[in-house]
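Everything on this sheet refers to the single structure shown next.
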Amino acid sequence: MNNPHETTNRLSSMSLNFEGCVIAAREGETVATALLAAKAGYTGTSQVSGRRRSPYCLTGICFECLVEVNGHANQRACMVRVRKNMTIRRQNRLPSLHLKGRET
Ligand code: FES
């Protein structure tokens, strides 16, 4: 009997580091889907309201999923594919206030 999940099972497993925790991921998926599947919680906070933000549209439109990827701020987690040796951090600042080399 065919396993309906066979294709999924053949995808190689990977992991990424999110705020110091190892999160399981699958090759080809986005950082956002890996974090959602792992129930990793919010991806950042709004500097305006202080509310926690999480992926919403998963299509690159809403910018609710901004994270820092390997030290690079303002990355949309839903548009970034999981790669080896990724370190993801929550983004807790306004994207427009981030200046390279300066903490905001
Ligand atoms: S979830 Fe909307 S831009 Fe990423």
Taking Tyr42, Tyr56 and ranking on accessible area (1.4 Å, protein atoms only), highest first, one gets Tyr56, Tyr42
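Within region 12-90, what whole-number % of the accessible surface is contributed by carbon and sulfur, with the 1.4 Å probe and all protein chains included in the calculation? All intermediate terms of the calculation are to be shown ahead of the outcome.
Details: 2220 of 4650 Å².
Summing carbon and sulfur atoms, their accessible area is 48 percent of the total for region 12-90.
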In Å², rounded to a whole number, the accessible area per residue of region 12-90 with probe 1.4 Å is 59
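How do Cys78, Cys62 rank by accessible surface area computed with a 1.4 Å probe, from largest to smallest?
Values: Cys78 10, Cys62 40 Å².
From most exposed to least exposed: Cys62, Cys78.
The values are calculated or read from the model by the stated rules, or taken from the named source; none is laboratory data. Note that this is a predicted model, so its numbers are computed, not measured. For accessibility, only protein heavy atoms count, side chains too; no ligands or nucleic acids. Shrake-Rupley method; radii C 1.70, N 1.55, O 1.52, S 1.80 Å.
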